[in-house]
1. Hey, does the range 246-255 have a residue that's surrounded by 14 or more Cβ atoms within 10 Å (Cβ to Cβ), in a loop (DSSP other than H, G, I, E, B) and not assigned by TED's automatic domain parsing to the domain that holds Leu75?
2. Among the residues of the range 279-322, count how many are farther than 15 Å from Gly76 by Cα and in a strand (DSSP E or B).
3. Which count do you get for residues in the range 299-325 that are within 29 Å of Leu265 (Cα to Cα) and touching a residue at least 12 places away in the same chain (Cβ under 8 Å)?
4. Taking only the range 295-315 into account, find how many residues are buried (at least 17 other Cβ atoms within 10 Å of the Cβ), touching a Lys or Arg at 6+ places or on another chain (Cβ under 8 Å) and among the hydrophobic types (A, V, I, L, M, F, W, C).
5. Right, Asp134: assigned by TED's automatic domain parsing to the domain that holds Ala107, surrounded by fewer than 24 Cβ atoms within 10 Å (Cβ to Cβ) and within 21 Å of Tyr198 (Cα to Cα) or not?
6. In the range 87-135, what residues are touching a Ser or Thr at 6+ places or on another chain (Cβ under 9 Å) and not hydroxyl-bearing (Ser, Thr, Tyr)?
7. Does Val300 count as under 19 Å from Gly163 (Cβ atoms) and β-branched (Val, Ile, Thr)?
Amino acid sequence: MSAEGGASDRAGLPPGARWTLALVVLAVVATFLPARAAEGVGARAATAHGGGVRIGLVFDVGGRGDKSFNDAAFLGMSRAERELGVEASYLEPSSTEDREAALRLFAARGLDLVIGVGFIFSSDIDAVARAYPDVRFAGVDYFAGPNGVPPNVAALAFREEEGSFLVGALAGFMSKSKHVGFVGGMTGPLIRKFEAGYIAGVSAGCPDCVVHAAYAGTTPDAFRDPAKGKALANAQIAAGSDVIYHASGATGHGVFEAAADAKKLAIGVDADQYDEMPGTVVSSMIKRADVAVFDTIRDVVEGRFTGGTKVFGLADDGVDYVHDGPHAAGIPDDVKRRVEALRADVVAGRVIVPSR
């Protein structure tokens, strides 16, 4: 139970009152958060054709400023504001109960699209979308339940294993010790896709390499525990790892700290994370949540929104890795060429990357 729930119980409020209180609090947050969390919220381009279209985005664990998946989704929303003229609102839940309440708040306000960022939202989106069949929803990393995807939900999925395959090959090509590491956040099918693709890529780049893998926990808090990330990375470094890839949200900053302290290399995730630890982060696997969010908002603006699963992979630029520009300066040219050859094999279907 959350600390908020415990306080309500002690106050003697009945469940209905607690629920109403939660919505009131979220409504107040919704009023003020956009001005704090986003520059230019509600701004319009002079030729925007999305004027009056209202979009609500609920952040994942770690929130805005995670320099990862949440920030990528925010970039997609910001682009939609600039180019399409939509009105944007944001909420950042602090607990499991707040996630569903935030979605319900946006749905009750009759927004044109409500977006939840992160697979943790899947069951919440499913419940709220079925309660509000006339409201459109999108779930970034949405995992369908036993009843499938509701018709008013765009389930935005990625082939994380393909992007992880590329950085795995990079790690294998660049490892001198033939030991590399992987630090995951919360255990589960989604992060296992990162691990599976990474292991396959390491094998393609260095068949003799050993992969040391560990997870930060079994709850969403595993994505915001840098101290645990550092401890896991230190253990992998002690086992000989000289390149470590993380898929653990804000927990990954601890991985970067451990790698920097030991003068090893690290690989970021979801967005270009070079600036978190320059000289240590050699590359990052990029999930283009910004592309998925923007494309979905554009579909709403242009009247082309449809429910169902939409998957973004290497073939359609849905995933990639940082290999150009100054943030990829630490990657030797011959390694880039070899990784790009593997990319071509995946896109052409000559290599099928495992997802588990």
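1. For the range 246-255, residues surrounded by 14 or more Cβ atoms within 10 Å (Cβ to Cβ), in a loop (DSSP other than H, G, I, E, B) and not assigned by TED's automatic domain parsing to the domain that holds Leu75: present.
2. Going through the range 279-322 one residue at a time, the tally reaches 11.
3. So the answer is 11.
4. 4
5. So Asp134 fails the test.
6. Answer for the range 87-135, where residues must be touching a Ser or Thr at 6+ places or on another chain (Cβ under 9 Å) and not hydroxyl-bearing (Ser, Thr, Tyr): Ala88, Glu97, Asp98, Glu100, Phe106, Arg109, Leu111, Leu113, Ile115, Gly116, Ile120, Asp124.
7. no
Let's see how each residue does on (1) outside the structural domain of Ser164 (by TED's automatic domain parsing); (2) buried (at least 19 other Cβ atoms within 10 Å of the Cβ); (3) of a type in the set (Asp, Glu):
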site	(1), (2), (3)
Val293	yes, yes, no
Arg338	no, no, no
Ala341	no, no, no
Arg356	yes, no, no
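The values are calculated or read from the model by the stated rules, or taken from the named source; none is laboratory data. These figures come from a predicted structure and were not determined experimentally. Glycine gets a Cβ as well: all are built from the backbone with ideal geometry, and neighbour counts include every protein chain shown.
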